[in-house]
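One structure is given below, encoded as structure tokens.
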Amino acid sequence: MQLNSQTAAAAGTAPIRRRNLVPGLLKNLFLWGYAVITIGLFVWVTMTAFKENREIFASPFGLPTDYRFDNFVDAWNKGNMSQYFWNSLFVSIFTVLLCIALSSTLSYVLARFRFKGNTAIYALFVLGVAIPLQSLLLPIFFRMDDIGLRDTLAGLVIVNAALNLPKAVFMLVGFMQGIPKEVEESAIIDGCGYGGIFSRIILPMSKPGLATAGILVFISVWNEYVFSTVLVSSNAVKTLPLGLASFQTSFISDYGLISAGVVLSIIPVLLVYVLMQEQIIKGMTDGAVKG
């Protein structure tokens with residue numbers, strides 16, 4: 001009797017395993033296909049950046065016969081990529097600092113305190129994640145023009161920080177809600193105030209979440225194009241995406257030079273992600289479990 005029941009159980013689980021096998025295979029095929037296409041395009045653009053136009057047309061998918069590093073030097077100097085690069089770096093770093101400073105304090109209040117309107121305020125930040133940012137283009141343009149911050153790096157920092165604030169708050173609230181309250185209560189018993197609890201306990205324990213939010217904000221700001229197009233008009237304030245667009249217009253027939261500019265714009269984001277991928281994964285998984 002026991003043998004028959006085990007056989008029936010095994011027979012019942014076999015169709016379930018077969019049903020689960022197909023979605024798993026499709027998911028793996030999609031992920032591997034996406035990875036191959038993404039990595040393949042990056043490798044192709046990188047190889048093109050070392051070629052002359054003649055070699056690109058003769059062998060578009062082949063390896064360079066003579067690696068031309070002059071393309072990168074010319075793109076950096078002739079295309080004014082150095083100015084655009086430092087503008088993007090300035091805007092990205094200061095946006096991350098401002099956004100993390102604001103989102104960490106807001107998230108601490110929303111996650112650890114209960115007051116009238118707490119849920120409504122948090123719902124507004126969640127709504128901010130869902131609002132199409134393109135709908136804010138005209139209001140932001142007129143507001144920044146009224147206060148004299150249009151076509152300035154400071155204006156780009158403020159706008160990007162505001163646009164990324166809901167996303168950072170949404171991530172950090174879920175992370176901070178998972179921190180045990182017993183730790184906070186012990187600190188209160190020891191005479192620590194809320195400011196000390198936030199700076200000495202909450203922030204150190206939230207490092208993975210803060211790192212993840214900071215990295216995602218950095219990548220978002222580094223690649224931001226739409227608002228920069230509306231708010232920036234002078235070459236001295238252009239960020240890398242804007243500069244790369246004008247660079248492609250100026251050197252439209254030199255595909256090696258254009259590819260070199262694209263590679264230069266990708267490298268910083270790639271380095272940030274490769275160096276900090278452990279923090280990104282840890283922050284996302286911890287936030288998902290705790291939130």
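The values are calculated or read from the model by the stated rules, or taken from the named source; none is laboratory data. Owing to the predicted nature of the structure, the values given are computational and were not obtained by experimental measurement. Quick reminder, even Gly has a Cβ in these numbers, built from the backbone with ideal geometry, and neighbours come from all protein chains shown.
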Quiz item: of a type in the set (A, V, I, L, M) and part of a loop (DSSP other than H, G, I, E, B): does that describe residue 179?
Solution: yes
Quiz item: Looking at (1) modelled with pLDDT under 80; (2) within 25 Å of residue 97 (Cα to Cα), which is the only condition residue 264 fails?
Solution: (1)
Quiz item: Given the conditions (1) assigned to a helix (DSSP H, G or I); (2) over 18 Å from the mean Cα position of the chain (by Cα); (3) farther than 22 Å from residue 97 by Cβ, and given that residue 148 satisfies all but one, which numbered condition is not satisfied?
Solution: (1)
Exercise. Count, please, the residues in the range 24-83 that happen to be of a type outside the set (Gly, Ala, Ser) and not in a helix (DSSP H, G or I).
Key: 14
